[in-house]
Every structure is written in C-alpha cells, then in structure tokens.
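Below you'll find the structure, written out as structure tokens, and then a few comments.
The values are calculated or read from the model by the stated rules, or taken from the named source; none is laboratory data. None of the values given here were measured: they were computed from a predicted structure. Quick reminder, even Gly has a Cβ in these numbers, built from the backbone with ideal geometry, and neighbours come from all protein chains shown.
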Amino acid sequence: MGRENQLRLQMHLPPVYDYGAWIRHAGVEQGCNRLALWSVHGGALWLASDHVAGKSHLLRTFAGDQVCAALLVVKTDNGENGSADSGQLVQQWMQLLQTSSYWLIDVQAGVMPQAVAHALFHLLERARDLQRHVVIAWRGDPNALPPELSSRLLAMEKVVMAAPADDEMLLRILRASAGELQWDIREQVLQAMLIYLPRQLDVLVVALHMLETNSFEQKHKPGPVWVKQQLMRIAAQLT
C-alpha cells in the first residue's frame, strides 16, 4: 500500500518503551550507567536536566525491564492531583509502590503545587523508613520547593542528563519516534524538521505527531512544499 493510500487505525497506538532500543548518547550516558548501578546497589538518586533530555522515557524503559521496580508518574498541573491533599496523594501513591523494593518516581517538570510537594516529601520519608530504593526524575528549581522537600532532594545523588548535542543523534531519536506512528515517513521530512524547527526534543517530538495528524486529516501526501508549510506553521505555534 502506497503512502497516498495508507489507512489509519481509529485509535491511538500505545507507546512502546523498550530498554534494549533506548538510544544512548553522550548526554544520557552517565544517567544510564548510574541507573544500572542503582538497580544492583540501590540508594537515592535524582535524575535532573536543564532541558528536556528523555528522563521520563528512560524511567519507563527501565521499569518495563525490571520486575522489582514500580513506576509512579506525578502530575504537577491542576489535573488529576488538583483536588487532592498531601495525605490522600501519599495513600494513593503507596498503594502502587509499597510492594516493590525499587521506586521510580517521574515528576512533571516545573513548579509543584504545595500539596504535591508535601506529598513527595512524605513519600521520600516512607521510602527511608521502609528501606526502599528511590530514583526521582524532575526538572526544576529545588530552591522553589518547600524546605523539607528541597533538603531531601539535595541530599540525593544528582545526575544531570542532557539533550543530544548533534543533528545525527536527534535524527536517530526522531526515526525511533516515527517508527511508533501510523505513518510511513520519509527521511527528508525528518531532516526538514531540523531546518525549520528548534533543535529541542520536546518541540521536535510534538511536531512529529502534529505532522502525522495533519497529514491524515488533510489526506495530503507529505511532499516538500506541504512539509515546509506545515513545519513553519507548527514552529509558530510551538515557539
């Protein structure tokens, strides 16, 4: 079936996180190696970054490969945690984590609501009392946190991860992301993305999904002119 006749499933395919297919580069090498050691020796580890660097993806690939690890995803916006107090949040999180020895805590980047911050502090206290091993992934300013949580976070071993430093590695990541879409995308499209969009993972991956959606909705084969128009429009929306 050609690209112009491709059919799209009327559902979103679930993302696949395969640790064996994780793309390692200089920016994440230390984090990958330290996480591997943590799985053996345990401890308390903070994965940080200045920009989007794939921390969440790494934790998900790792969780899928480790039967003794539990993954907790913590939202910091006004969504699912908006109406819960810190005690309720801790109870909810403990139901997921308490039977596992290794806790992977993926916290949404940015400013934390007070209830979430206090709940995370109490969760780390529970981990210490129960002698659980913890990795927390979060991008933000610890000085903006309540003092009790900030002190706990700063006491953890910190590993700073970074986004890919060159275009070839960005293209490899985009190829991997494109492989999960319902779209047969050409290499020229991925290369054009690096021309018309900022070389930032969060922008590029979101733009890739937007391109796929627009292509199917408009029933348009992604030729050079159409791709350029779409990327310039997406760049204006995302930057």
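Points worth noting:
- Across segment 182-203, the number of residues qualifying as outside any loop (DSSP other than H, G, I, E, B) and at pLDDT 85 or above comes to 11.
- Test: residue in segment 207-214 that is surrounded by 18 or more Cβ atoms within 10 Å (Cβ to Cβ) and assigned to a loop (DSSP other than H, G, I, E, B): no
- Residue check, Arg132 touching a strand residue (DSSP E or B) at 6+ places or on another chain (Cβ under 9 Å) and not hydrophobic (A, V, I, L, M, F, W, C): yes
- Among the candidates Leu170, Leu120, residue that is more than 18 Å from Ser39 (Cα to Cα) and touching a Lys or Arg at 6+ places or on another chain (Cβ under 7 Å): Leu170
- Annotation: Leu97 fulfils all but one of (1) buried (at least 20 other Cβ atoms within 10 Å of the Cβ); (2) under 27 Å from Asp202 (Cβ atoms); the unmet one is (2).
- Number of positions in segment 123-164 that are farther than 24 Å from Cys32 by Cβ and among the aliphatic types (A, V, I, L, M): 5
- Residue list for segment 133-176, filter: in a strand (DSSP E or B) and surrounded by 15 or more Cβ atoms within 10 Å (Cβ to Cβ): His133, Val134, Val135, Ile136, Ala137, Val159, Met161
- Scope segment 215-236; condition assigned to a helix (DSSP H, G or I), touching a residue at least 24 places away in the same chain (Cβ under 8 Å) and not polar (S, T, N, Q); matching residues: Phe216, Pro224, Val227, Lys228, Leu231, Met232, Ile234, Ala235
- Residue check for Val225: out of contact with any Cys (no Cβ under 7 Å at 6 or more places or on another chain), assigned by TED's automatic domain parsing to the domain that holds Leu170 and closer than 22 Å to Glu168 by Cβ: no
Conditions (1) over 30 Å from Phe121 (Cβ atoms); (2) over 23 Å from the mean Cα position of the chain (by Cα), marked per residue:
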| position | (1), (2) |
| --- | --- |
| Val160 | no, no |
| Leu190 | yes, no |
| Met193 | yes, no |
| Asp202 | no, no |
| Lys219 | yes, yes |
| Arg233 | yes, yes |
| Leu238 | yes, no |
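- Test: residue in segment 87-110 that is in contact (Cβ under 8 Å) with a residue 12 or more places away in the chain, among the hydroxyl-bearing types (Ser, Thr, Tyr) and in contact with a helix residue (DSSP H, G or I) (Cβ under 6 Å, 6 or more places away or on another chain): no
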